[in-house]
Amino acid sequence: MDDNDSDRTKSVAQLVRETIHMRPSLLDALKMQIVNYSALARMLQTEIGEGSLEAVKAAIIRVSDELEAESSLREEMVLSILRESVVRLQDKISVIISSEELDIPYIVTAYLTDSYVYVVDQTRLKKRLPDHVQVSSNLVALILISPPRVEETPGFVALITSLLASREINIVEFISCSTNTVIILDQADALNAFSLLQNYI
């Protein structure tokens, strides 16, 4: 292979890599190794308009091997954090959304562009709330307290939400801050979610 062929192969490989990384569905399929490489190569060759079918297919296989290795390592890192996390449930939770800041006791709060969101223990609310606030009561907080490295490890939140989605568990509110992850759920889903996460701890 001369220098020109080598440059062209590198160019095709880079085009293939960039195209795949722009498509999350392709990334997922390659990580799970459920892709027909020849069929994908034909599709990408037409799309990028460069390289032979063999060169495109070889680039896809290289990307797939890299993704599998990266995915396995990242998944183990994320699961190790989940195994070291403490999970607890707290019932009688309310979510309060207000356009103005409120002076109320809260478990966690978040300031959005146009409103304040408070997750509160509804048994501690002693005073009447303004009429303009939106209140959802009798919810359950699933609280995860994780080791400090959770802040530097990509994929922890994605794992939690994917696990819950796999059981068709709806998340009412989700706040992740520092080492705490607070997930607000309907009462009907709380025990199922708790049991699901306990399986990994």
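Where a number appears in this text, it was derived from the coordinates with a stated rule and is not lab data. Remember, it's a predicted structure, so these values are computed and weren't measured experimentally. For neighbour counting, all protein chains shown are included, and Cβ atoms are generated from backbone atoms with ideal geometry for every residue, glycine included.
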Open item on the list: From the alpha carbon gyration tensor of the stretch 3-72, can you work out the equivalent ellipsoid semi-axes (sqrt of 5 times each eigenvalue) and give them in Å, largest to smallest?
Closed with: 20, 13, 10
Task: Gyration tensor (Cα) of the stretch 67-144, equivalent ellipsoid semi-axes in angstrom - done: 35, 16, 9
Open item on the list: Kirkwood hydrodynamic radius, the chain, all distinct C-alpha pairs: what's the number in Å?
Closed with: 20.2 Å
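Please get the size of the charge dipole for the chain, origin at its Cα centre, with Cβ charges of +1 on Lys and Arg and -1 on Asp and Glu, quoted in debye to the nearest 20.
Numbers: 18 positive and 29 negative charges, 143 e Å.
Rounded to the nearest 20 debye, it is 680 debye.
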Task: Stokes-Einstein D for the stretch 84-198, Kirkwood Rh over Cα pairs, 4 °C, 1.567 mPa s (µm²/s) - done: 87 µm²/s
TODO: Would you work out which of Ser146, Leu79, Thr123 lies farthest towards the positive end of the dipole of the chain, given +1 charges on the beta-carbon of Lys and Arg and -1 on that of Asp and Glu, about the Cα centre?
DONE: Thr123
Open item on the list: Need the C-alpha centroid separation for the stretch 17-49 versus the stretch 129-173, integer Å.
Closed with: 32 Å
Open item on the list: Tell me the mean residue ellipticity at 222 nm calculated for the chain from its helices only (DSSP H runs of n ≥ 4, each -39500 (n - 2.57), averaged over every residue, nearest 500).
Closed with: -15000 deg cm²/dmol
Open item on the list: Along the Cα→Cβ direction, 7 angstrom out, place labels at Met43 and Arg23. What is the inter-label distance in nm?
Closed with: 0.4 nm
- [ ] Would you mind working out the magnitude of the charge dipole of the stretch 84-198 relative to its Cα centre, with +1 at each Lys and Arg C-beta and -1 at each Asp and Glu C-beta, to the nearest 20 Debye?
- [x] 360 debye
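Please sort through the DSSP H helices of the chain and keep those with an alpha-carbon extent of at least 20 Å along the long axis and a Kyte-Doolittle average not below -1.0.
Details: long enough: 3-21 (27 Å, -1.14); 53-83 (44 Å, 0.29).
For the chain, where a helix must reach 20 Å along its axis and average at least -1.0, the hits are 53-83.
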Task: Net charge of neighbours whose Cβ lies under 14 Å from the Cβ of Ser178, counting Lys and Arg as +1 and Asp and Glu as -1 - done: -1
